[in-house]
Amino acid sequence: MKTTEQGIRYIELFDESPEIDIPAMVKKAKTAYKPFNFKDKIEFLFFYKERKDFSHAIFTEYGIIDDEFDGKKAVHHPFGVKSIIGIEVSGDETIPLIAFVIGQAIEHFKQNMDIRRHEEWKGLEKSDSYQSWQLYFCQVHSSTVRYGLEGSADMFLRSLPFVLAKKGESFSQPYFEATFRHLIHSMSELYVMRQAGENDLADDHLKTIAELTGPEFVEVYEGLYGELAEYLETIGIKYNEVHDVSIFTSIEQHRNRFAALYGG
């Protein structure tokens, strides 16, 4: 077992390499977030090159069953009010992966506070709308780090036209959940792009979206984008405050509007 400069415990499930500086990567990933005491919110960070090693380790140590075939390169497992996190070490991708998954640790902590304080949260804990918010929150910060590393911070926006070109299929029942997640990812990247002053590039992406869909789609897309961005800049950055449940109702309403546009 080792610890980062901030006292977060971590384990490397691979042979040590002088080229891999775990504490430096964690430190860089944390810069995407406001100060937050991860030390007592994260049980362990596991770094691996083979997912099966992580799955075996957390089952042996904690009895947690991990789906090693889900394809994720960054994995969050709740552990009481804490988090157990697994991250695949994969070159330049590692730091954005860390940023994404420690965002889940923040949200897990905040969610636990919400459930304790508000009865209505017990029904929202695993809701699609809450999962959509968490995805947005984590992807914004992951893209922020990626942009700072001069990496590609618009991969979901660039691939979105391929989804929209087959919108009749993409928004049908079998594929809708994946498509909606793709939209949320793209809104996260659009936010980071605008924060970085890349307004012309952001406008180009929106123009492409409009050409492939239509004004009604763009209205719903920009409406949800605006609400998520506003929420992120208010309650979303207050890690120790309770969520406003109205944001989840709004996300659900937008989901239904997207579904109605092409889903019949």
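Computed with the Debye formula from one identical point scatterer per Cα of region 2-88, without solvent, the log10 of I(q)/I(0) at q = 0.10, 0.13, 0.17, 0.21 Å⁻¹ comes to -0.24, -0.41, -0.72, -1.09.
Expressed in units of 2.2 N^0.38 Å, where N is the residue count, the Cα radius of gyration of region 155-254 is 1.12. Rg and Dmax, both from the Cα atoms of region 46-87 and both in Å, are 9.4, 27. Plainly put, region 152-196 has a radius of gyration that is 1.03 times its Kirkwood radius, both from alpha-carbon atoms, as the Rg/Rh ratio. A full extension of the chain between Lys39 and Glu216 corresponds to an added length of 59.2 nm, given 0.36 nm per residue minus the alpha carbon distance.
For Thr234 and Thr60, the FRET efficiency from 1/(1 + (r/R0)^6), where r spans their Cβ atoms and R0 equals 51 Å, is about 0.75. So which helices of the chain fit the span-like rule, where a helix is a whole DSSP H run, its Cα atoms reach 18 Å or more along the axis, and its mean Kyte-Doolittle is at least 0.0? The qualifying helices are 94-117.
Check region 94-263 and count each lysine pair with an alpha-carbon distance under 20 angstrom, considering only pairs eight or more places apart or from different chains. If you can, show how the numbers build up before the last one.
Values: Lys110/Lys122; Lys110/Lys126; Lys110/Lys238; Lys166/Lys207; Lys167/Lys207.
Final tally of qualifying lysine pairs is 5.
Scaled against 2.2 N^0.38 Å for its residue count N, the alpha carbon radius of gyration of region 21-60 is 1.41.
Mean separation of Cα pairs under 8 Å and 6 or more residues apart, divided by the residue count, gives region 94-263 a relative contact order of 30 percent.
Residues with beta-carbon under 14 Å from that of Lys27, excluding Lys27: net charge, scoring Lys, Arg +1 and Asp, Glu -1? Before the final figure, lay out each step's value.
Working: positive: Lys2, Lys28, Lys30, Lys39; negative: Glu5, Asp21.
Cβ neighbours under 14 Å give a net charge of +2.
Computed over the chain, the range of Cα coordinates on each principal axis works out to 54, 44, 34 Å, biggest value leading.
If a/c stays under 1.5 just call it rounded; otherwise compare a/b with b/c (prolate if a/b is bigger, oblate if not). Do that for region 76-220, with a ≥ b ≥ c from the square roots of the Cα gyration tensor eigenvalues. Walk me through the numbers on the way to the answer.
Values: a/c = 2.04, a/b = 1.34, b/c = 1.52.
Oblate, since a/c reaches 1.5 and b/c is not below a/b.
If both residues of a DSSP beta bridge must be in the chain, then about 45% of such bridges are antiparallel. Over the chain, DSSP H runs of length four or greater, each weighted -39,500 (n - 2.57), average out per residue to a 222 nm ellipticity of -18500 deg cm²/dmol. Comparing Cα centroids, region 30-98 and region 166-221 end up 29 angstrom apart.
Throughout, read-outs are computed from the coordinates displayed, never taken from laboratory work. Source: prediction; values computed, not measured. So basically every Cβ, Gly included, is an ideal-geometry build from the backbone, and we count neighbours across all protein chains shown.
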